[in-house]
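Written out below as structure tokens is the structure these notes cover.
The values are calculated or read from the model by the stated rules, or taken from the named source; none is laboratory data. Quantities reported herein were computed from a predicted structural model and do not represent experimental measurements. For neighbour counting, all protein chains shown are included, and Cβ atoms are generated from backbone atoms with ideal geometry for every residue, glycine included.
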Amino acid sequence: MKQEIKALHREINRKGDECLTVRFGPEHAGKILEYHKSFPEYRVTPLADLKNLAKALGVQSIHVKDESYRFGLNAFKVLGGSYCIGSYIAELLQMDLSELPFEKISGRWVKEKLGEITFVTATDGNHGRGIAWTASRLGQKSVVYMPKGSSQERLDNIKALGAEAFITDWNYDDTVRFASEQAVKNGWIMVQDTSWEGYEKLPGWIMEGYTSMAYEAAEQLGDEKPTHIFLQAGVGAMSGALTGFFAELYKNEEMPVITIVEPDQADCMYRTAKADDGTLHFVTGDMHTIMAGLACGEPCTMGWNILNDYASNFVSMPDHIAAKGMRILGNPTGNDPKVISGESGASTLGLVAEALQNESLGWLKEQLKLDEHSRILCFSTEGDTDKENYRKIVWDGAYPSF
């Protein structure tokens, strides 16, 4: 059966809860970035200016934020985990996080005052690695559960950072539920970017942490305002946070066209937008996609509430589009910078290229309002976090067998 791209367009009305976007806006994001800058490993990640690719595809510009350099962990996720854990510790100490830069929050006195804290999470790999890294850097413990089908390499990377880590027999969403049960049973602290009723504070902190990369990107772009921003969604936490950031940044101007991209086997955002009935729509069962970081079937309520108000397009797409994005970024046009982008990271650029190159997708190009004046911003959220699969896809055009 042929897999096809499905896309839904909706007009935005900006009638949502403005308080919800303010917390992700530039003013607060700048303060969060200062916390991240206090870590010795902090370096601003590159914003690749793909001038030759833009010319080849017939648009004005394409910029890709390359998160493979983030804290040496090859993915952006550590931004959310580190800010959330820092905020949790600051709250226990009854201090503002601005008073606790890395040098202070990692001190022995924190553990002496609070005791040892165990943070638990469920992850496809990148988020759990960020939690394990942060807990280790701050002298705390972590336990990480991964869904069925997770790669051994990603598991080993997490264990190498001192975490107890396991691959379960369940999909991502059921693994989240198991981690939550273990947190209650053992007195651990659940650190998850999936929010549900009664569990919103920590996911909110994680989402706020993600805005550091949006703040960096906005500074790097300078006066060049994007006309189009493409964001990939798993549970929708990152895409919701960054949409909130740009909604606040451009609140008095014309909003860029924001397009949300998902694998067709885990397209809970697309289904929820299409139903448009005021409820969240889930994808259940095994979600067979190479985009492991996006294989999530249950939307984050907080993320969805922002996307519902500010995202113009929701796209559900097959794996080969993400694979195309990986190959394009890894084999640059002319002297464009190379971006090593993993399956989830390259999904948005893959869609952009397919929409602009494939003549049969003229309807999609028109729906996304792409033309020669378009200035496109994408976020490559991960590098080759699963090197074996990266090479199979880029070198051989082979996908994992599910």
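For the range 157-188, a residue qualifies if it is buried (at least 19 other Cβ atoms within 10 Å of the Cβ) and of a type in the set (A, V, I, L, M, F, W, C), and the qualifying residues are Ile158, Leu161, Ala163, Ala165, Val176, Ala179, Ala183, Trp188. In the range 201-217, of all residues being over 22 Å from Ala346 (Cβ atoms) and of a type in the set (Gly, Ala, Ser), the one that is surrounded by the fewest Cβ atoms within 10 Å (Cβ to Cβ) corresponds to Gly204.
Being more than 16 Å from Ala135 (Cα to Cα) and in contact with a helix residue (DSSP H, G or I) (Cβ under 6 Å, 6 or more places away or on another chain) is the filter here, so list the residues in the range 147-161 that pass it. Residue satisfying the conditions is Pro147 alone.
Consider the range 233-270 and keep the residues that are touching a Cys at 6+ places or on another chain (Cβ under 9 Å) and within 11 Å of Val315 (Cβ to Cβ). The one that is surrounded by the fewest Cβ atoms within 10 Å (Cβ to Cβ) is Glu262.
So, Thr333, is that one under 27 Å from Gly72 (Cα atoms), in a loop (DSSP other than H, G, I, E, B), free of Cβ contacts under 8 Å to residues at least 60 places away in the same chain and out of contact with any Gly (no Cβ under 8 Å at 6 or more places or on another chain) or not? No; evaluated as a whole, the condition is false for this residue. Of the residues that make up the range 200-221, is at least one out of contact with any Cys (no Cβ under 8 Å at 6 or more places or on another chain), more than 24 Å from Leu370 (Cβ to Cβ) and in a loop (DSSP other than H, G, I, E, B)? Yes, because at least one residue in the range 200-221 is out of contact with any Cys (no Cβ under 8 Å at 6 or more places or on another chain), more than 24 Å from Leu370 (Cβ to Cβ) and in a loop (DSSP other than H, G, I, E, B). Might you let me know whether the range 128-136 holds any residue that is out of contact with any Pro (no Cβ under 6 Å at 6 or more places or on another chain) and either surrounded by fewer than 24 Cβ atoms within 10 Å (Cβ to Cβ) or among the hydroxyl-bearing types (Ser, Thr, Tyr) (or both)? Checked against the condition, which is being out of contact with any Pro (no Cβ under 6 Å at 6 or more places or on another chain) and either surrounded by fewer than 24 Cβ atoms within 10 Å (Cβ to Cβ) or among the hydroxyl-bearing types (Ser, Thr, Tyr) (or both), the range 128-136 yields at least one hit.
Considered as a group, the residues in the range 179-199 that are part of a loop (DSSP other than H, G, I, E, B) and among the β-branched types (Val, Ile, Thr) include one that is farthest from Gly81 (Cα to Cα), and that residue is Thr194.
If you go through the range 88-145 and keep only what is out of contact with any Lys or Arg (no Cβ under 8 Å at 6 or more places or on another chain) and part of a loop (DSSP other than H, G, I, E, B), you end up with Gln94, Met95, Asp96, Leu100, Pro101, Gly107, Gly115, Leu138. The residues of the range 311-325 that are in a helix (DSSP H, G or I) and under 17 Å from the mean Cα position of the chain (by Cα), listed by number, are Ala322, Gly325.
For the range 348-402, residues that are among the hydrophobic types (A, V, I, L, M, F, W, C), assigned to a loop (DSSP other than H, G, I, E, B) and either without any contact (Cβ under 8 Å) to a residue 24 or more places away in the chain or surrounded by 24 or more Cβ atoms within 10 Å (Cβ to Cβ) (or both) total 2.
Among the numbered conditions (1) at pLDDT 95 or above; (2) at positive phi; (3) surrounded by fewer than 20 Cβ atoms within 10 Å (Cβ to Cβ), the only one that Gly198 does not meet is (1). Tallying residues that are surrounded by 21 or more Cβ atoms within 10 Å (Cβ to Cβ) and either in the same structural domain as Asn126 (by TED's automatic domain parsing) or within 13 Å of Ser380 (Cα to Cα) (or both) within the range 324-339 yields 5. Within the range 146-178, the set of residues being part of a loop (DSSP other than H, G, I, E, B) and out of contact with any Phe, Trp or Tyr (no Cβ under 8 Å at 6 or more places or on another chain) comprises Ser150, Ser151, Ala160, Gly162, Ala163, Asp169, Asn171. Across the range 62-101, the number of residues qualifying as acidic (Asp, Glu) and under 25 Å from Ser344 (Cβ atoms) comes to 2. The residue that is farthest from the chain's Cα centre (by Cα), among those in the range 264-275 that are over 17 Å from Thr194 (Cβ atoms) and in contact (Cβ under 8 Å) with a residue 60 or more places away in the chain, is Lys274.
For the range 54-70, a residue qualifies if it is surrounded by 24 or more Cβ atoms within 10 Å (Cβ to Cβ) and out of contact with any Leu (no Cβ under 8 Å at 6 or more places or on another chain), and exactly one does: Glu67.
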